[in-house]
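Have a look at the structure below, then the notes.
The values are calculated or read from the model by the stated rules, or taken from the named source; none is laboratory data. Note that this is a predicted model, so its numbers are computed, not measured. All Cβ positions, glycine included, derive from the backbone under ideal geometry; neighbour counts span all protein chains shown.
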Amino acid sequence: MAATELAPDIAGALNWARARIAVVDARVLLRHVLQCSSARLAAYPEARLAMDEWTEFRSLVERREVGEPVAYLTGEREFYGRPFLVSPVVLIPRPDTELLIELALAHFGDKPHSRVLDLGTGSGALAVSLALELPDADVTAVDRSREALLVAMANAARLKASVSFVLGDWFAPLGGDRYHLIVANPPYVAAADPHLEEGDVRFEPSTALAAGPQGLDDLATIAAGAPRHLEPGGWLFMEHGYDQAGAVRGLLTDAGFSGIASWKDLAGIERVSGGQWLGR
Ligand code: GLN
């Protein structure tokens, strides 16, 4: 009779994974398989995995080894302190994008029934976070991907955020509606940028990343369209690429915005530009 194969303990499993992927990734994947805290992982190195847990862990490590992002493997990524469901139909939320939330909150008191718009919501990270941070606001989120909207709706439901989801291309489905605040993290990578072929980004939807020869096509569409959808005094904030701040301020100037400025991300790079619409 063949000897029964035994699954390794936690230390052994991490050791096996360490030869293939980064230790931090291995820990996140093992916690996902075992549904446990990092404290538990550290406290019980000699706890043996069940065979099905070992099989699942091995398959996740092998997928990570060929490049799949950890967030797609676990189906989750934290944004602004809350866990968001993600899948390959949406961009994985980045810590830098939390700057959009901070700017929105700083420029925008939570007045009753203020209207907030998130364009290209993807996973819903911005819309859901803003709805939860501004409980008196009415938040609308637009995306042209039906699959992405399903992910965003699942996040709103799971995190108990009240958001109106709308299918369509930027402002197209919104008629004459006006908002007090518009935020967007649109695609802004130049179509030929080699960054699109590197690392985790390869696995993300290119429709959420690439935007024309200079990456400015969608930023330009949003800047030009926003005045028809902002209340007088309302703000627009857009995330953009590391070398696009000057160009985006130019787009905002051309569209007639006031108080135009750029703000730096965690790496000290100008990452968000915005302005106030004073009406005309
Ligand atoms: N910051 C992302 C990246 O560098 C791009 C996100 C976007 O295009 N909105 O991969």
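Quickly run through the range 266-280 and pick out the residues that are within 20 Å of GLY215 (Cβ to Cβ) and surrounded by 18 or more Cβ atoms within 10 Å (Cβ to Cβ).
Keep residues of the range 266-280 that are within 20 Å of GLY215 (Cβ to Cβ), which gives 267, 269-275.
Selection gives GLU270, ARG271, VAL272, SER273, GLY274, GLY275.
Residues to consider are GLY122, GLY67; find the one that is part of a loop (DSSP other than H, G, I, E, B), buried (at least 22 other Cβ atoms within 10 Å of the Cβ), in contact (Cβ under 8 Å) with a residue 24 or more places away in the chain and in contact with a helix residue (DSSP H, G or I) (Cβ under 9 Å, 6 or more places away or on another chain). Talk me through it step by step, then tell me what you get.
Working: GLY67 fails: buried (at least 22 other Cβ atoms within 10 Å of the Cβ).
That would be GLY122, the only listed residue that is part of a loop (DSSP other than H, G, I, E, B), buried (at least 22 other Cβ atoms within 10 Å of the Cβ), in contact (Cβ under 8 Å) with a residue 24 or more places away in the chain and in contact with a helix residue (DSSP H, G or I) (Cβ under 9 Å, 6 or more places away or on another chain).
Confirm whether LEU209 is within 18 Å of ARG94 (Cα to Cα), touching a Ser or Thr at 6+ places or on another chain (Cβ under 7 Å) and among the aliphatic types (A, V, I, L, M).
Working: within 18 Å of ARG94 (Cα to Cα): yes; touching a Ser or Thr at 6+ places or on another chain (Cβ under 7 Å): no; among the aliphatic types (A, V, I, L, M): yes.
In short, no.
Please state which one of LEU91, LEU99 is within 16 Å of the ligand (Cβ to nearest atom) and either farther than 25 Å from LEU159 by Cα or in a loop (DSSP other than H, G, I, E, B) (or both). Step through it out loud before you land on a result.
On the way: LEU99 fails: either farther than 25 Å from LEU159 by Cα or in a loop (DSSP other than H, G, I, E, B) (or both).
One residue alone meets the criteria, LEU91.
Kindly indicate the residue of the range 155-202 that is among the hydrophobic types (A, V, I, L, M, F, W, C), loosely packed, with under 15 Cβ neighbours inside 10 Å and touching a residue at least 12 places away in the same chain (Cβ under 8 Å) and also nearest to the ligand (Cβ to nearest atom) among those meeting that condition. Even if it seems obvious, please write down each step before you answer.
If we filter the range 155-202 for residues that are among the hydrophobic types (A, V, I, L, M, F, W, C), which is where we start, we get 156-157, 159, 161, 163, 165-167, 170-172, 174, 181-184, 189-192, 196, 201.
Of the ones still in play, those that are also loosely packed, with under 15 Cβ neighbours inside 10 Å are 157, 167, 172, 192.
Filter once more, so that each one left must be touching a residue at least 12 places away in the same chain (Cβ under 8 Å): 167, 192.
Working: LEU167: 20, ALA192: 14 Å.
Restricting to residues being among the hydrophobic types (A, V, I, L, M, F, W, C), loosely packed, with under 15 Cβ neighbours inside 10 Å and touching a residue at least 12 places away in the same chain (Cβ under 8 Å), the top hit is ALA192.
Taking LEU49, is it farther than 18 Å from ASN155 by Cβ, more than 16 Å from the ligand (Cβ to nearest atom) and buried (at least 16 other Cβ atoms within 10 Å of the Cβ)?
Numbers: farther than 18 Å from ASN155 by Cβ: yes; more than 16 Å from the ligand (Cβ to nearest atom): yes; buried (at least 16 other Cβ atoms within 10 Å of the Cβ): yes.
Yes: the conditions hold for LEU49.
Take residues that are touching a helix residue (DSSP H, G or I) at 6+ places or on another chain (Cβ under 9 Å) and modelled with pLDDT of 95 or more and tell me which of the helices (runs of 4 or more DSSP H) falling wholly in the range 9-53 contain 3 or more. Quick ask: steps written out before the conclusion?
Numbers: elements: 10-18, 23-34, 38-43.
Hits in the range 9-53: 10-18, 23-34.
Looking only at the range 233-249, count how many residues are free of Cβ contacts under 8 Å to residues at least 40 places away in the same chain and more than 24 Å from ARG178 (Cβ to Cβ).
Residues of the range 233-249 free of Cβ contacts under 8 Å to residues at least 40 places away in the same chain: 242-243, 245-249.
From what is left, the residues that are more than 24 Å from ARG178 (Cβ to Cβ) are 242-243, 245-247.
Total meeting the criteria: 5.
Go through ALA131, ALA141 for me and flag whichever is surrounded by 18 or more Cβ atoms within 10 Å (Cβ to Cβ), modelled with pLDDT of 95 or more and within 16 Å of the ligand (Cβ to nearest atom).
Working: ALA131 fails: within 16 Å of the ligand (Cβ to nearest atom).
Of ALA131, ALA141, the one residue that is surrounded by 18 or more Cβ atoms within 10 Å (Cβ to Cβ), modelled with pLDDT of 95 or more and within 16 Å of the ligand (Cβ to nearest atom) is ALA141.
Name the one entry in LEU49, LEU41, LEU91, LEU85 that is farther than 30 Å from GLY122 by Cβ, touching a residue at least 40 places away in the same chain (Cβ under 8 Å) and of a type in the set (A, V, I, L, M). Lay out the reasoning, then the answer.
On the way: LEU41 fails: touching a residue at least 40 places away in the same chain (Cβ under 8 Å); LEU91 fails: farther than 30 Å from GLY122 by Cβ; LEU85 fails: farther than 30 Å from GLY122 by Cβ.
Answer to the selection: LEU49.
Run ALA148 past the list (1) outside any loop (DSSP other than H, G, I, E, B); (2) farther than 21 Å from GLU239 by Cα and report the number of the one that doesn't hold.
(2)
For residues that are in contact with a strand residue (DSSP E or B) (Cβ under 9 Å, 6 or more places away or on another chain) and part of a loop (DSSP other than H, G, I, E, B), scanning just the range 212-242, find the one that is farthest from LEU105 (Cα to Cα).
GLY215
Would you confirm whether any residue within the range 155-162 is of a type in the set (S, T, N, Q) and farther than 28 Å from ALA220 by Cβ?
Yes, the range 155-162 contains a residue that is of a type in the set (S, T, N, Q) and farther than 28 Å from ALA220 by Cβ.
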